Amino acid sequence: MHGQAPPGSAQNRAQLLGGQAYPGPSATPSAETEGYPVTSPNDKDIGEQQILKRVEEYKPFTISVYSPVYWTSNAALVSRGEQDDVLVAPGVTLMYEPRITNTLYAQVGVIQQFFFYDQLTELNFASLDVIAGLHYYLPQFHNLSLRGYYDYNRLTTTDNFDEIFVNNSIILNAELPFRIARAQQLLAGVALNLSFEGNPQSPRRNNYSLYGTYDVALSRSFSLDAGFQFVVRDYYSGDRTDVNEILSVSANYRVRDWLTLSALSSFAWNQSNHSVFDYSVANIGGGVALTLKF
Amino acid sequence: MLVCLTVTAGCLGAADLKEARVTQVVKDVKLGLPQAVPQPVAVGESFRDGDAINTGVTGRSELTFADQTIARLAAKTNVSFSNGTRSVDLGEGAMLFQIPKGAGRLQIKTAAIAVASTGATGIIERHGQFYVKVLVLEGTVRCYLTNRLGESLLLQPGQILITKPDVTALPEPADFDIAREMKTCLLVRDFQPLASQRRIESEEQKQLKLIAKGTYIPSNLVILGRGTQVTLVNAPPTTPPSKPLTNIGHESRTP
């Protein structure tokens, strides 16, 4: 079964690497300051500080272009006859996130990513996502973030863009950040990806995910991220249920505000009630991302 | 009577990097050597690791390090030095620091808070257990907690951070008018012009442009002198913010 991917493997590959290549823009509510009104001997040594109120300039548009390159240990995500390969996954994300209120944002975006294999070119595919939804923050609940959006996903070949799979789903997501310190953060999240229409049927599935991430900024330009995701994939056909675990670690160096270089790695294990769909894969590589907000 | 004597920093060329000198003295300033009674200090005297300098109620002083880093001490201030005088411990009071670009890293510690930079001009003040205030006039200053890994932020020109000395998480900084600060700060006005004067003026111009652009709105909130007491002054010509910054109350409280 060399070079032949099982149903849903392109979806798996897109979800495994697509998210890591570009984490996606997120609107963040501005934090207000806090302080302590106290007086001291009122001499003039250090002068008068007239407070200036900064008017936040919110930039709702984000364009991001990125190109990760990976060595992958299991190009076709198969249980037997694994073949390694090099994979390039360039992509572009266009996102518009207008602010409706201080804590409510709309989100409309298009994400196009290509997956090109060096040797197993028959596995090449492209993934198009069109999303639209809402993003709501609850500062009073530990900065809980709630998102709900519609996702139209279309997987195609890369030569003439013939359709491989099309899916319509509703994605519901809740994230809770825990700030350890200003430069360190833990985040716990839960996501439901509910497919309500797709073609063909065999790759159609609902995903139920729990995940956590840890971010630490070691300097103003260099940060490390680690994440773990546990996903149950409940397929619509064939009585198939998979349990997927993904561990990812990345190091990011921000050369400029708009340019980031990354070292990326991810490891995934898939266990299915149909053993033919079991697999494990390691991906190690690097990438460059250009991001503009306006 | 004020007695102000200034020595040009040029005479420091041959000085040991681990040594700095007093380059200006106003009234009551004392140098406390380790295990010795503090003695009045004179211009030109040097100090080293372990030494402490105290200014009296009307005293002020300027210290110049071998790499031309300058520290100006306000009244009722005491500082001590370590790590080859590259680490300054501010026990009480206020100081203006000016670290030339390319000079070595200077760290100023007070309570659990430290600020460090390799090129910046700013002011740091500590008032007992009540508050620590850090202002940046030009350059970038890293402000962090010495007892909490990762609790660190960068202060940019025109930013002010006010917090308690025993804080466990740094608050967000606010913004202040650099030009007004420069016009009213005696640690600037009563001393020689700073070597970083032009860079500070450049930051003032940037703020003016941002005000003109509407990015900044001058508020009617002013901290007069030391402390965190905020005075509500006449509203500026431009529209004031709908509500005051949450970190600075209208009412004052005397510790």
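Condition check ((1) at the interface with another protein chain (Cβ under 8 Å from one of its Cβ atoms); (2) not polar (S, T, N, Q)) across all residues:
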residue	(1), (2)
B:Gly104	no, yes
B:Thr118	no, no
B:Thr121	no, no
B:Phe130	yes, yes
B:Leu137	no, yes
B:Arg142	no, yes
B:Leu161	no, yes
B:Pro171	yes, yes
B:Asp175	yes, yes
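Could you check segment B:78-102 and list, in sequence order, the residues that are in a loop (DSSP other than H, G, I, E, B) and surrounded by 18 or more Cβ atoms within 10 Å (Cβ to Cβ)?
To start, the set of residues in segment B:78-102 that are in a loop (DSSP other than H, G, I, E, B) comprises B:83-86, B:100-102.
Answer for segment B:78-102, where residues must be in a loop (DSSP other than H, G, I, E, B) and surrounded by 18 or more Cβ atoms within 10 Å (Cβ to Cβ): B:Thr85, B:Arg86, B:Pro100.
Table: residues versus (1) closer than 29 Å to A:Glu175 by Cα; (2) at pLDDT 85 or above; (3) touching a Pro at 6+ places or on another chain (Cβ under 9 Å); (4) within 14 Å of chain B (Cβ to nearest Cβ).
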position	(1), (2), (3), (4)
A:Met1	no, no, no, no
A:Pro7	no, no, yes, no
A:Gly24	yes, no, no, no
A:Pro29	yes, no, yes, yes
A:Ile46	no, yes, no, yes
A:Gln50	no, yes, yes, yes
A:Thr62	yes, yes, yes, no
A:Ser73	no, yes, no, no
A:Arg80	no, yes, no, no
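If a residue must be surrounded by 21 or more Cβ atoms within 10 Å (Cβ to Cβ) and in a strand (DSSP E or B), how many such residues does segment A:265-294 contain?
Residues of segment A:265-294 that are surrounded by 21 or more Cβ atoms within 10 Å (Cβ to Cβ), as a first pass: A:266, A:268, A:270, A:277, A:279, A:281, A:283, A:285, A:287, A:289.
Subset that is in a strand (DSSP E or B): A:266, A:268, A:270, A:279, A:281, A:283, A:285, A:287, A:289.
Qualifying residue count, segment A:265-294: 9.
Based on this model, can you work out whether A:Thr101 counts as more than 14 Å from chain B (Cβ to nearest Cβ) and in a loop (DSSP other than H, G, I, E, B)? Steps first, answer last, please.
Details: more than 14 Å from chain B (Cβ to nearest Cβ): yes; in a loop (DSSP other than H, G, I, E, B): yes.
When the stated conditions are applied, A:Thr101 passes them.
Is it the case that some residue within segment A:107-130 is of a type in the set (Asp, Glu), in a strand (DSSP E or B) and under 21 Å from the mean Cα position of the chain (by Cα)?
Filtering segment A:107-130 for residues of a type in the set (Asp, Glu) gives A:118, A:122, A:129.
Those left that are additionally in a strand (DSSP E or B): A:129.
Those still in the list that are under 21 Å from the mean Cα position of the chain (by Cα) too: A:129.
Yes, some residue in segment A:107-130 is of a type in the set (Asp, Glu), in a strand (DSSP E or B) and under 21 Å from the mean Cα position of the chain (by Cα).
Restricting attention to segment A:131-147, report how many residues are of a type in the set (A, V, I, L, M, F, W, C) and surrounded by 15 or more Cβ atoms within 10 Å (Cβ to Cβ). Before the answer, list the steps.
Applying the first criterion (of a type in the set (A, V, I, L, M, F, W, C)) to segment A:131-147 yields A:131-132, A:134, A:138, A:141, A:144, A:146.
Retained after the next criterion (residues that are surrounded by 15 or more Cβ atoms within 10 Å (Cβ to Cβ)): A:131, A:146.
Residues that pass the stated criteria total 2.
Residues being buried (at least 24 other Cβ atoms within 10 Å of the Cβ) and aromatic (Phe, Trp, Tyr): count how many of those fall in segment B:105-130.
Total meeting the criteria: 0.
Of the residues A:Leu292, A:Leu247, only one is at pLDDT 95 or above, closer than 20 Å to A:Ala76 by Cα and among the aliphatic types (A, V, I, L, M); which?
Numbers: A:Leu292 fails: closer than 20 Å to A:Ala76 by Cα.
The unique qualifying residue is A:Leu247.
Could you say whether any residue in segment B:210-226 is at pLDDT below 65 and within 7 Å of chain A (Cβ to nearest Cβ)?
The first filter runs over segment B:210-226 and keeps only residues at pLDDT below 65, leaving B:225-226.
In the following step, the residues that additionally are within 7 Å of chain A (Cβ to nearest Cβ) were identified as B:225-226.
So far as segment B:210-226 goes, yes, one or more of its residues are at pLDDT below 65 and within 7 Å of chain A (Cβ to nearest Cβ).
Look through segment A:152-189, keep the residues that are among the β-branched types (Val, Ile, Thr) and under 30 Å from A:Leu224 (Cβ atoms), and return whichever of them is surrounded by the most Cβ atoms within 10 Å (Cβ to Cβ).
If we filter segment A:152-189 for residues that are among the β-branched types (Val, Ile, Thr), which is where we start, we get A:156-158, A:164, A:166, A:170-171, A:180.
Still in the list and also under 30 Å from A:Leu224 (Cβ atoms): A:171, A:180.
Details: A:Ile171: 18, A:Ile180: 16.
Ranking the candidates gives A:Ile171 first.
Scan segment B:144-157 residue by residue and report those that are at pLDDT 90 or above, assigned to a loop (DSSP other than H, G, I, E, B) and facing chain A (nearest Cβ under 7 Å).
Answer for segment B:144-157, where residues must be at pLDDT 90 or above, assigned to a loop (DSSP other than H, G, I, E, B) and facing chain A (nearest Cβ under 7 Å): there is none.
Can you name every residue in segment B:119-171 that is over 12 Å from the mean Cα position of the chain (by Cα) and of a type in the set (Ser, Thr, Tyr)? If you could, list the steps in order and put the result at the bottom.
Taking segment B:119-171 and keeping what is over 12 Å from the mean Cα position of the chain (by Cα), we get B:119, B:127-131, B:139-140, B:142-159, B:162-171.
Once the filter is applied, which keeps residues that are over 12 Å from the mean Cα position of the chain (by Cα) and of a type in the set (Ser, Thr, Tyr), segment B:119-171 yields B:Tyr131, B:Thr140, B:Tyr144, B:Thr146, B:Ser152, B:Thr163, B:Thr168.
The values are calculated or read from the model by the stated rules, or taken from the named source; none is laboratory data. The structure displayed is predicted, hence computed values, not measured ones. Glycine gets a Cβ as well: all are built from the backbone with ideal geometry, and neighbour counts include every protein chain shown.
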